[in-house]
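Heads up: the structure comes next, in structure tokens.
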Amino acid sequence: MTTTASVSTHVLDTSLGRPARGVTVRLSARTGSGADWHPLGESVTDADGRCRDLPDPPEGTAQVRLDFAVEPYLGEDRGAFFPEVTVTFAVRAGEHHHVPLLLSPFGYSVYRGS
């Protein structure tokens, strides 16, 4: 039985209809609401908009936070109303949690994928 959760993400640029390459994503974890966040690692999206090397959260993790640095990706010419996007979600031991970010210069959405 797996005792830890796993996390993955990818970023799609909905304004261009393609993956968002070069977005820095930081992963942090905590044991529950109000607990301190602990940085776990950082990755950069590849040509498919995916982070393939995020570490698994440690045993006992209840919540995970993904911080997406989108301003450098969007650049000055397209603007970035949201210079960064932070997504916090609950995790369960033994489950995989895939959380894609759909991004445009003036909005974003996230969901639990598969």
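Quick notes
- The GluC sites (Glu not before Pro) of the stretch 1-102 that DSSP puts in a loop, and whose beta carbon has at most 15 other beta carbons within 10 Å, are Glu59, Glu95.
- The percentage of C-alpha pairs in the chain whose separation is greater than 23 Å is 27%.
All of the numbers you see were taken from the coordinates with simple rules; none came from a lab. Since the structure is predicted, the reported quantities are computational estimates derived from the model, not experimental observations. Positions of Cβ are generated from backbone atoms using ideal geometry, with glycine treated the same way; all protein chains shown enter the neighbour counts.
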